[in-house]
Each structure stands twice: as structure tokens, then as C-alpha cells.
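Take a look at the structure set out below.
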Amino acid sequence: MDQHTAVELVGGLASRINNLAVASLGADSRTLLAQQDELANQTLALIARELNADTADFQTAIAALQAAIAAADQAAQQLQQVGRAIGLTAKAISAVAKLLT
């Protein structure tokens, strides 16, 4: 992995976190938005800096980014399931309403 990969991972995580923030409420949303801001700043800083991809710190950062991306993707899938449940519940409500008329 190289510096370009790190920039892509940080930028990708920032995007995922932003999407989760929009879909969240209250303190979670505020925390996610603050994290997204920090990730955006880190993306810009990474672009401007020369990094040694062979260091332990670089490898640790890559592993942490990959774990966070996987968790964000899993959270997004769960939100999609909530959306599906809402849609199916709306259909059920309509069907019951029709049954009652």
C-alpha cells in the first residue's frame, strides 16, 4: 500500500461517515459530522505530505481505516434494512386500512 491508497481510504471513510451522519439523529449525528470534518482535514493533509508506507504507524493507520470502513459499511446496510422495514410497514398499514374500509 502507498500514500495514494491512504488518501483514498481516508476520503472514502469520510464519505461513508457523512452518509451515516445524515441518516442519524442527535448526538450520534453530531459526533459523526465532527468525525467527517476531521477525516476531510486529514485527507488534505495526507495529500500534502510525503509518507513512508513501510512504517508501523502507516500499517496501523491502514488497518484502522479498513476496520472503520467495514464497520461503516455494515452500519449503512443496517440502515437500509430499516428503510426496507419502513417501506414494508407502510404497505402493511395501507393493506390493513383497505381491509377496514
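Counting only residues that are within 12 Å of residue 7 (Cα to Cα) and not hydroxyl-bearing (Ser, Thr, Tyr), how many does segment 30-52 have?
Residues flagged as within 12 Å of residue 7 (Cα to Cα) and not hydroxyl-bearing (Ser, Thr, Tyr) within segment 30-52 amount to 12.
From 92, 97, 40, 53, grab the single residue that is in contact (Cβ under 8 Å) with a residue 40 or more places away in the chain and of a type in the set (Gly, Ala, Ser).
On inspection, the qualifying residue turns out to be 53.
The rows are residues; the columns are (1) within 21 Å of the chain's Cα centre (by Cα); (2) over 13 Å from residue 6 (Cα atoms); (3) modelled with pLDDT of 90 or more; (4) not hydroxyl-bearing (Ser, Thr, Tyr).
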site: 60; (1), (2), (3), (4): yes, no, yes, no
site: 65; (1), (2), (3), (4): yes, no, yes, yes
site: 71; (1), (2), (3), (4): yes, yes, yes, yes
site: 80; (1), (2), (3), (4): yes, yes, no, yes
site: 83; (1), (2), (3), (4): yes, yes, no, yes
site: 87; (1), (2), (3), (4): no, yes, no, yes
site: 90; (1), (2), (3), (4): no, yes, no, yes
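Restricting the search to segment 19-46, which residues are within 20 Å of residue 61 (Cα to Cα), touching a helix residue (DSSP H, G or I) at 6+ places or on another chain (Cβ under 6 Å) and not hydroxyl-bearing (Ser, Thr, Tyr)?
32, 35, 36, 39, 40, 42, 46
Restricting attention to segment 14-70, report how many residues are loosely packed, with under 13 Cβ neighbours inside 10 Å, among the hydrophobic types (A, V, I, L, M, F, W, C) and not in a helix (DSSP H, G or I).
Adding up the residues that qualify gives 1.
So, in segment 1-13, exactly how many residues are in contact (Cβ under 8 Å) with a residue 60 or more places away in the chain and in a helix (DSSP H, G or I)?
1
Check 51, 44, 65 and return the single one that is in contact with an Asp or Glu (Cβ under 9 Å, 6 or more places away or on another chain) and under 18 Å from residue 8 (Cβ atoms).
Within the list 51, 44, 65, the selection yields 51.
The values are calculated or read from the model by the stated rules, or taken from the named source; none is laboratory data. Worth saying up front: this structure is predicted, and the values here are computed from it rather than measured. Note that we place each Cβ from the backbone using ideal geometry, even for glycine, and neighbour counts take in every protein chain shown.
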